[in-house]
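These notes are about the structure you will find just below.
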Amino acid sequence: MALEVITAGIILIALTFYVLLGGADFGAGVWTLFASGPRGPAQRKLIREAIGPIWEANHVWLILVVTVLFTGFPMAFAVITTRLHIPLALMLIGIVLRGAGLAFRSYGIHTYGEQPYWERVFVVASLLTPVLLGMTIGTVASGRLGDHQHGFAPAFVWPWLAPFPAAVGLLALVLFAFLAAIYLTREARDEELREDFRRRALIAAVLVTILAGSVFMLASRDAPTIWHRLSHSGWGRMLLLATVTAGAATVLALWTRRYAVARICAAAETTLILWGWALAQFPFLVVPDITIVSAAAPARTLQLLILANLLGAVMLLPALYYLFRIFKGRALFASDEPS
């Protein structure tokens, strides 16, 4: 079982990086929608400059998730991509349109008045894509894919159009906006802009708390496996306590304007939410009947896949570090005082 666990761990690590980095890029689209007032243009400019150099690189983690799932767990890949082909297709369309909107808004010809239209495309895609991603995860966790229904709508529509997946989708959207607001407090050089995004991060923190509580309560009915393991085991209670503590520490750091600390705590809170779902679902890849063992590829395939990921990491991680060091060095390593 060790090979299967390692392979599943690669998927979880890649998904975590995608949420922490790519998720914040989607969250930036939320704040583009709410950029208003006399500092609205400055807010949009800050967002554009913050995500412009790195947003394409952040998608490497999503590609890794899909590739490892397809190669290492083909049965689970087939079930997820077949039963959830509608939200997954819409999510991919959203990713493409969001990238097109960002590129044409930033680098297109502005003399024809096209920039506002591309900005709307960027905003709408940034709003819908995280919701669809969360709905996909919520459907996989709920066990609704284990119901072998006949007919198109019962098999391919109703499983993800349910209260629990919808709540998880909204949680993903707000969580991404929360991360984006906190990251932007570090990106801003102007104190007034920092205060704008600090206030938005505090509002988003409250919404994350409300939605996370709602998801947990809905899970008692719609995702009983996840809920029972989190609420009735010692490690589950400890993980919930750690998540709440990280959230409280994030709010405290924001309140006292310790933005570097807030960034670390917010990343920890997000990681704990994601890993809590994964650990509560273990050993299932698709609840309730597809496990990491039953869906795994042959051992030789897993060995080669793990080796390929290790060799890829040797090349990828230094390159990503160099990229972030060049474009994000000030935000990552500067003090909390605005320059």
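Segment 117-225 holds helices (runs of 4 or more DSSP H) entirely within its bounds, and those carrying 3 or more residues that are touching a Leu at 6+ places or on another chain (Cβ under 8 Å), farther than 20 Å from P87 by Cβ and open to solvent by less than 10 Å² (accessible area, probe 1.4 Å) map to 163-187, 191-222. In summary, L272 fulfils each of the numbered conditions (1) under 22 Å from L12 (Cβ atoms); (2) touching a residue at least 60 places away in the same chain (Cβ under 8 Å) with the single exception of condition (2). Of the set (1) open to solvent by 30 Å² or more (accessible area, probe 1.4 Å); (2) part of a helix (DSSP H, G or I); (3) closer than 18 Å to T136 by Cα, all apply to L285 but (2).
For segment 53-89, residues that are farther than 30 Å from P298 by Cα and over 16 Å from the mean Cα position of the chain (by Cα) total 1.
Can you name the helices (runs of 4 or more DSSP H) wholly within segment 9-96 that have at least 3 residues being within 24 Å of Y322 (Cβ to Cβ) and open to solvent by less than 30 Å² (accessible area, probe 1.4 Å)?
By residue number, 23-33, 40-51, 60-72.
A181 meets each of the listed conditions (1) in contact with a Lys or Arg (Cβ under 7 Å, 6 or more places away or on another chain); (2) free of Cβ contacts under 8 Å to residues at least 40 places away in the same chain apart from (2). For segment 289-339, the tally of residues that are outside any helix (DSSP H, G or I) and at pLDDT 80 or above stands at 10. If I filter segment 156-173 for residues that are β-branched (V, I, T) and more than 18 Å from the chain's Cα centre (by Cα), do I get at least one hit? Scanning segment 156-173 turns up at least one residue that is β-branched (V, I, T) and more than 18 Å from the chain's Cα centre (by Cα). If the requirement is being within 19 Å of the chain's Cα centre (by Cα), closer than 17 Å to L274 by Cα, touching a residue at least 40 places away in the same chain (Cβ under 8 Å) and open to solvent by 40 Å² or more (accessible area, probe 1.4 Å), which of these qualifies: R229, R263? It is R263. Check segment 266-276 and report whether any residue there is in contact with a Gly (Cβ under 7 Å, 6 or more places away or on another chain), crowded, with 16+ Cβ neighbours inside 10 Å and closer than 22 Å to T139 by Cβ. Within segment 266-276, none of the residues are in contact with a Gly (Cβ under 7 Å, 6 or more places away or on another chain), crowded, with 16+ Cβ neighbours inside 10 Å and closer than 22 Å to T139 by Cβ.
The values are calculated or read from the model by the stated rules, or taken from the named source; none is laboratory data. Bear in mind the structure is a predicted one, so any value in this text is a computation, not a measurement. Cβ coordinates were reconstructed from backbone atoms using ideal geometry, including for glycine residues, and neighbour counts include every protein chain displayed. All accessible areas refer to the heavy atoms of the entire protein, side chains included, with ligands and DNA or RNA removed. Shrake-Rupley method; radii C 1.70, N 1.55, O 1.52, S 1.80 Å.
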